[in-house]
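A.B. asks: Structure in C-alpha cells, see below.
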Amino acid sequence: MWVVDGRVTFDRPSSVDHRLNGFVLPGLVDAHCHVGLEATGGVDNERAREHAERDRDAGALLLRDAGSPVDTSWINDEVDLPRLIRAGRHIARTKRYIRNFAHEIEPELLVEYVRVQAKRGDGWVKLVGDWIDRETGDLNTCWPRDVLTLAIAAAHDEGARVTAHCFGEESLRDFVAAGTDCIEHATGLRSDTIDSFAKLASLSCRRS
C-alpha cells in the first residue's frame, strides 16, 4: 500500500520518495462538525484550533465541516491538524435560524449566495431547510421549491454539492425533488421520502 498525493492506493507508483518503518493507522471521520463555531457564533483562530485539536486527539483525521461563520481554510495548511472538507457558512432564511450562525437572506437572494459559498467551501454548500416559524408555531420550510431547485442547480454548476439541515416532512420532500446531495438529521422521513432519497442516491451514483 502506498500514499500518493495524500491518497491511499494499491497501485505501485513509479517512484517511492519515503519508506515508513512502523504502522499505519486509519483515521476516523467526523462526518458532521463545525470547527470555529460555538453557541454565540464564530470564534477566533486560536479557539478554532482547539476545536480541530480536540477532534484530532479523539482520532479524527478528516473532518467534514458542515457550516461555520469563520474562514477555517487555514487549518488545511497546518501539518498537525486534521484535514477539513468545508461547506462554508450556513445559508438560512431571515430570523429563521440560530443567531450569528448563518447568512440570513430572503429567497430572491438564495441562488446568488449559494454561488458565493460554493466558491468559498471545499465542494459543499450548507442550507438550513426548515426551522421554527413563529406565525405557525412549528417547523416550517424556509425556501419555495422552485427557488430551491434553481439554487441546487447553481451549486452543481459551480462544482459543489448541497447538504441541508432538515427536520420536517415537507422540507425533505422539497429537497429531494430539488435534487439535493445530502440531508442532515431528517427526522421527518416517511416511507415515500425514504424511497425518493434512495432513488436519488442511485441516480447520483450512476452519474458519478
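Readers should treat all values here as calculations from the given coordinates under stated rules, not as data from a laboratory. From a predicted model like this one, the values you see are computed outputs, not experimental measurements. Positions of Cβ are generated from backbone atoms using ideal geometry, with glycine treated the same way; all protein chains shown enter the neighbour counts.
A.B. asks: Which count do you get for residues in segment 106-134 that are free of Cβ contacts under 8 Å to residues at least 40 places away in the same chain, under 16 Å from His165 (Cα atoms) and either assigned to a loop (DSSP other than H, G, I, E, B) or more than 15 Å from the chain's Cα centre (by Cα) (or both)?
C.D. replies: Within segment 106-134, residues that are free of Cβ contacts under 8 Å to residues at least 40 places away in the same chain, under 16 Å from His165 (Cα atoms) and either assigned to a loop (DSSP other than H, G, I, E, B) or more than 15 Å from the chain's Cα centre (by Cα) (or both) number 3.
A.B. asks: Looking only at segment 177-194, count every residue that is assigned to a loop (DSSP other than H, G, I, E, B), among the charged types (D, E, K, R) and farther than 23 Å from Leu150 by Cβ and tell me the total.
C.D. replies: 1
A.B. asks: Quickly run through segment 135-168 and pick out the residues that are surrounded by 19 or more Cβ atoms within 10 Å (Cβ to Cβ), in a helix (DSSP H, G or I) and touching an Asp or Glu at 6+ places or on another chain (Cβ under 7 Å).
C.D. replies: Hit for segment 135-168 is Leu148, nothing else.
A.B. asks: Being surrounded by fewer than 16 Cβ atoms within 10 Å (Cβ to Cβ), of a type outside the set (Asp, Glu) and out of contact with any Ser or Thr (no Cβ under 6 Å at 6 or more places or on another chain): is that true of Arg99 here?
C.D. replies: Spelling it out, Arg99 is indeed surrounded by fewer than 16 Cβ atoms within 10 Å (Cβ to Cβ), of a type outside the set (Asp, Glu) and out of contact with any Ser or Thr (no Cβ under 6 Å at 6 or more places or on another chain).
A.B. asks: Restricting to segment 81-128, and then to whatever is touching a His at 6+ places or on another chain (Cβ under 8 Å) and of a type in the set (A, V, I, L, M, F, W, C), can you tell me which residue is nearest to Arg56 (Cα to Cα)?
C.D. replies: For segment 81-128, the residue satisfying everything is Phe101.
A.B. asks: Under 9 Å between Cβ atoms, which residue pairs at least 6 apart in sequence (or on different chains) link something in segment 1-21 that is under 18 Å from Leu61 (Cβ atoms) with a partner that is assigned to a strand (DSSP E or B) and not β-branched (Val, Ile, Thr)?
C.D. replies: Note: pairs meeting the criteria are Gly6/Arg83; Val8/Trp2; Thr9/Trp2.
A.B. asks: Exactly one condition in (1) of a type in the set (Ser, Thr, Tyr); (2) without any contact (Cβ under 8 Å) to a residue 24 or more places away in the chain; (3) surrounded by 14 or more Cβ atoms within 10 Å (Cβ to Cβ) is not met by Thr72; state its number.
C.D. replies: It fails just one condition, (2).
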